[in-house]
Amino acid sequence: MRKSHHSEAQIHNILKEAEAGVKTPDLCRRHNISEQTLYRWKSKYGGMEMSDMKRLKELEGENNKLKRIVGQYAYEIEAMKELLKKNF
């Protein structure tokens, strides 16, 4: 997944501006983002505080790490099963 050009603080400030009533096209043009990006941020981070956003990022990173570990172990288990089939 591509890393965002904007930090959590910048995203939070952009969303606060949007909540304050700044028109979407003007906001997107000023911050050099697409409207789709703004709507995606609203759906993902809408109503969150900075601490919540940081915690979400930490949990997503931890979740990705655990998924990689589980995938690695699943691969090793399958390899061991294949090896045992050949031996018996």
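The values are calculated or read from the model by the stated rules, or taken from the named source; none is laboratory data. None of the values given here were measured: they were computed from a predicted structure. Glycine also receives a Cβ, built like all others from the backbone with ideal geometry; neighbour counts cover every protein chain displayed. Heads up: the accessible areas ignore ligands, DNA and RNA and are worked out on the full protein's heavy atoms, side chains in. Shrake-Rupley method; radii C 1.70, N 1.55, O 1.52, S 1.80 Å.
Sort out which residues of the stretch 49-76 are open to solvent by 90 Å² or more (accessible area, probe 1.4 Å) and acidic (Asp, Glu), and write them in order of number.
Once the filter is applied, which keeps residues that are open to solvent by 90 Å² or more (accessible area, probe 1.4 Å) and acidic (Asp, Glu), the stretch 49-76 yields 49, 58, 62.
Given the conditions (1) in contact (Cβ under 8 Å) with a residue 12 or more places away in the chain; (2) loosely packed, with under 10 Cβ neighbours inside 10 Å, which single one is not true for residue 46?
That leaves (2) as the condition not met.
Restricting the first residue to the stretch 51-64 and requiring it to be over 14 Å from residue 8 (Cα atoms) and hydrophobic (A, V, I, L, M, F, W, C), which pairs with a second residue that is in a helix (DSSP H, G or I) and at pLDDT below 95 meet a Cβ separation below 7 Å and a spacing of at least six or different chains?
Nothing qualifies.
In the stretch 14-43, what count of residues is obtained for those that are more than 20 Å from residue 57 (Cβ to Cβ), open to solvent by less than 60 Å² (accessible area, probe 1.4 Å) and touching an Asp or Glu at 6+ places or on another chain (Cβ under 9 Å)?
3
So how many residues does the stretch 1-30 have that are touching a residue at least 24 places away in the same chain (Cβ under 8 Å) and either touching a His at 6+ places or on another chain (Cβ under 7 Å) or part of a helix (DSSP H, G or I) (or both)?
In the first step, residues of the stretch 1-30 are kept if they are touching a residue at least 24 places away in the same chain (Cβ under 8 Å); the result is 6, 8-9, 11-12, 14-15, 18.
Imposing the further condition that a residue be either touching a His at 6+ places or on another chain (Cβ under 7 Å) or part of a helix (DSSP H, G or I) (or both) reduces the set to 8-9, 11-12, 14-15, 18.
Residues that pass the stated criteria total 7.
Given (1) in a helix (DSSP H, G or I); (2) at pLDDT below 90, where does residue 47 come up short, assuming only one miss?
For residue 47, the failing item is (1).
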